[in-house]
Amino acid sequence: MPMSVETSRAELTVPKDKRLFGALAAVIFHAGQRTGLDEAAQGALSEAAMQACDQALELAVGEAGEEPKVNVTVENFDDRVEVTVEHHGAADPAAGLDTFVAGGEGKSASALQGTGVDRVQYEARDGWSRTRLIKYAAGKAPRN
């Protein structure tokens, strides 16, 4: 049962220190609870987000002498949770989208397998790459 249908947003900056992934998982679980995702869906989305962060950290470069990092935004809506992973550095489609998409190259991005992710969006602009992982609450159809 959803705690609230009010939209919330959390922004985290994750340096090359995987110990902070636990905090990210907690934020995703909380957003999932607010939206009404079951525990399995919350865990699957959290795992997918951590994989995306891990791969983005491998590609990230620091700006103006700063340490490499990824920016993560977790938003919950009444029908979905969105996790956005953004990094400055090499543009690689979705920083590991191949781990989410069935069959790899030439296959539809809608063919997501066993990840708990319903939709993946990717964009690169001005040296920044952004991957958005979207999980819809059960019984709520995606909006196009």
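Descriptive notes on the structure:
- Residues located in the stretch 117-134, provided they are part of a strand (DSSP E or B) and either within 9 Å of the chain's Cα centre (by Cα) or surrounded by fewer than 17 Cβ atoms within 10 Å (Cβ to Cβ) (or both): Arg119, Val120, Gln121, Tyr122, Glu123, Ala124, Arg125, Trp128, Thr131, Arg132, Leu133, Ile134
- Ala10 vs. criteria of a type in the set (A, V, I, L, M, F, W, C), assigned to a strand (DSSP E or B), under 22 Å from Asp118 (Cα atoms) and open to solvent by 20 Å² or more (accessible area, probe 1.4 Å): yes
- Complete set of residues in the stretch 9-36 that are more than 15 Å from the chain's Cα centre (by Cα) and modelled with pLDDT of 90 or more: Gln33, Arg34, Thr35, Gly36
- Meets criteria (modelled with pLDDT under 85, open to solvent by 70 Å² or more (accessible area, probe 1.4 Å) and either in contact with a helix residue (DSSP H, G or I) (Cβ under 7 Å, 6 or more places away or on another chain) or not charged (D, E, K, R) (or both)) for Ala94: no
- Single residue of the stretch 58-88 satisfying the filter (surrounded by fewer than 16 Cβ atoms within 10 Å (Cβ to Cβ) and not acidic (Asp, Glu)) that is modelled with the highest pLDDT: Val61
- Pair list, Cβ under 8 Å, 6 or more apart: the stretch 50-61 residue over 9 Å from Val85 (Cβ atoms), other residue buried (at least 21 other Cβ atoms within 10 Å of the Cβ) and of a type in the set (Ser, Thr, Tyr): Leu59/Ser129
- The one condition in (1) aliphatic (A, V, I, L, M); (2) out of contact with any Lys or Arg (no Cβ under 9 Å at 6 or more places or on another chain); (3) closer than 19 Å to Asp118 by Cβ; (4) part of a helix (DSSP H, G or I) that Ala23 fails to fulfil: (3)
- Of all residues making up the stretch 15-55, the number that are of a type in the set (Phe, Trp, Tyr), open to solvent by 40 Å² or more (accessible area, probe 1.4 Å) and closer than 12 Å to Val72 by Cα: 0
The values are calculated or read from the model by the stated rules, or taken from the named source; none is laboratory data. From a predicted model like this one, the values you see are computed outputs, not experimental measurements. No Cβ is skipped: glycine too gets one built from the backbone with ideal geometry, and neighbour counts run over all protein chains shown. Side chains are part of the model used for accessible areas, which takes the heavy atoms of the whole protein and leaves out ligands, DNA and RNA. Shrake-Rupley method; radii C 1.70, N 1.55, O 1.52, S 1.80 Å.
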